Amino acid sequence: MTRPKILIGMTGSVAVYKVVSLVQALKKIADIQIIETHSAAQLANPQKLKTILKVPVHTDLFEKVQPLSLNTASGTHPLLFIPHIEFAREAQLVLIVPATANFMAKLAWGLADDLLSTACLYTRAPIWVAPSMNTNMWMNPAVIQNRTLLLKRGVHFLGPQKGHLACGDWGDGRLEDPVHIAEQARNFLESKQRWKNISVLITAGPTREPLDPVRFITNRSSGKMGWALAEAAQNKGAQVCLVSGPVALPPLPNVKIISVETARAMHQAVFKYQKKSDLIILSAAVADYRPSFYHTQKMKKNKSSKTLSLTPNPDILSDVLKRRSSHQLIVGFSAETQQLQKNARLKWNHKPCDMLIANQVGSTSHPGFDSDENEVWIFSKQAPQPVHFLKQSKTQLAIGILDWIEKTYRLSAWKKKESL
């Protein structure tokens, strides 16, 4: 079986020497390549590091560039092939250990002025950052802003720890224990192995119910929660099909995306892929009603009042539950503006899915819709009381939800029927 690949990025912190024990631990479970920034190379000689660890160590963006050519109808065009950038494409995980304040800033603002920053922009793998710096730097407002931005984008932070620092100060900024970093990386790779045969179907975003060629009924959903769940599931190694209403979000690599507009179109798409799915997460904000009559031409404005007649849309969650297979795990969502737990339980009693995830919407303190953050309560047959996930980025929340599902329902025990 092909071994997983981990790319380790070393930046110019005095904690670089701790990477030796980290690499030695990770070599047992994965193929490793290291990229050192020029500052890191001043502290840990690349050639000596390569000799000690017996893994490839790179420092320069154009090191060992291979000239290639592409033949087309318009002629021959020169190309460059950079092997260690290709490794960034193949990596299942990118670890920045140790990460300086300077490199965190480059990562946050998308700079690509050296090999490591370029590889981080290039990779589609999850990026984990283990900071190491003086506590005053760690608490600097600029660094706080950068790490907040990185967290919203889904970058995972390991540490830092509180303790004695190399400069003699005491406080936050000490590199996370390499043993703990290696353990988390191993758990992540093992999780990918467990999820690789799991087919996940997710719905996301709003639906639009047309009144005429230019107007429609919709809601405030941005689709960010569903897309975060799809990305997290794909990062875990699952086969993901995402059925999404109209959103303004970039495509997700290696995720099958089915774009729909109306509730009925989403209903059809869900049932097309339901039978092939093991885990179904219905996070879309589907319109409950649609206009009873569609005007083929734009309705003209006049002084008279208009009454809008509405017809119920099909209930996707109810119909999924009616057609479920024995191996399928069904997760529903419930957006509430008041009495969240009471109303969520009423919905759950009426539509007894395996899990119901409820969130508060409709206020500035609980925006839910069209926000980068969310706070949820999970109602599950496996827990007597709802599990509360505090307000956090939707990216981090999605990872937490899937981790909770995996732990609670033992994904490895699921029986696989078909693959997408």
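The values are calculated or read from the model by the stated rules, or taken from the named source; none is laboratory data. On a predicted model such as this, the values are computed, not experimentally measured, just so you know. Here Cβ is always computed from backbone atoms with ideal geometry, including for glycine, and neighbour counts include all displayed protein chains.
Observations on the structure shown:
- Entry remark, segment 103-124: residues being surrounded by fewer than 19 Cβ atoms within 10 Å (Cβ to Cβ), of a type in the set (Gly, Ala, Ser) and over 30 Å from Trp170 (Cα atoms) number 2 in total.
- The strands (runs of 3 or more DSSP E) found entirely in segment 242-352 that carry 2 or more residues being in contact with a helix residue (DSSP H, G or I) (Cβ under 7 Å, 6 or more places away or on another chain) are 279-282, 329-336.
- Scanning segment 182-208 for residues that are crowded, with 23+ Cβ neighbours inside 10 Å and either among the basic types (Lys, Arg) or in contact with a Phe, Trp or Tyr (Cβ under 7 Å, 6 or more places away or on another chain) (or both) turns up Leu201, Ala204.
- Some residue of segment 278-290 being charged (D, E, K, R) and under 22 Å from Ile330 (Cβ atoms): yes
- Condition broken by Asp315, with the remaining ones in (1) surrounded by fewer than 19 Cβ atoms within 10 Å (Cβ to Cβ); (2) farther than 18 Å from Ile217 by Cα; (3) of a type in the set (D, E, K, R) satisfied: (2)
Yes/no matrix, rows are residues, columns are (1) surrounded by 13 or more Cβ atoms within 10 Å (Cβ to Cβ); (2) in contact with a Pro (Cβ under 8 Å, 6 or more places away or on another chain); (3) not charged (D, E, K, R):
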{"residue": "Glu261", "(1), (2), (3)": "yes, yes, no"}
{"residue": "Val270", "(1), (2), (3)": "yes, no, yes"}
{"residue": "Asp288", "(1), (2), (3)": "yes, yes, no"}
{"residue": "Ser292", "(1), (2), (3)": "no, no, yes"}
{"residue": "Gln338", "(1), (2), (3)": "no, no, yes"}
{"residue": "Lys342", "(1), (2), (3)": "no, no, no"}
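- Hits in segment 374-404 (condition: buried (at least 21 other Cβ atoms within 10 Å of the Cβ), at pLDDT 90 or above and of a type in the set (Val, Ile, Thr)): Val376, Ile378, Ile399, Ile401
- Among the residues listed as Lys256, Lys224, the single one being under 12 Å from the mean Cα position of the chain (by Cα) and either crowded, with 17+ Cβ neighbours inside 10 Å or under 30 Å from Arg186 (Cα atoms) (or both): Lys224
Conditions (1) touching a Pro at 6+ places or on another chain (Cβ under 6 Å); (2) farther than 23 Å from Leu229 by Cβ; (3) modelled with pLDDT of 90 or more; (4) of a type in the set (A, V, I, L, M, F, W, C), marked per residue:
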residue: Leu121; (1), (2), (3), (4): no, yes, yes, yes
residue: Trp128; (1), (2), (3), (4): no, no, yes, yes
residue: Met137; (1), (2), (3), (4): no, yes, yes, yes
residue: Asn140; (1), (2), (3), (4): no, yes, yes, no
residue: Val143; (1), (2), (3), (4): no, yes, yes, yes
residue: Leu150; (1), (2), (3), (4): no, no, yes, yes
residue: Leu158; (1), (2), (3), (4): no, no, yes, yes
residue: Gly163; (1), (2), (3), (4): no, yes, no, no
residue: Gly168; (1), (2), (3), (4): no, yes, no, no
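- Strands (runs of 3 or more DSSP E) contained entirely in segment 1-96, each with at least 2 residues that are at pLDDT below 85 and of a type outside the set (Gly, Ala, Ser): 66-72, 75-81
- Scanning segment 140-161 for residues that are among the hydrophobic types (A, V, I, L, M, F, W, C) and closer than 15 Å to Gly110 by Cβ, we see that the one that is farthest from the chain's Cα centre (by Cα) is Leu149.
- Filtering segment 146-178 to residues that are in a helix (DSSP H, G or I) and free of Cβ contacts under 8 Å to residues at least 24 places away in the same chain leaves only Thr148.
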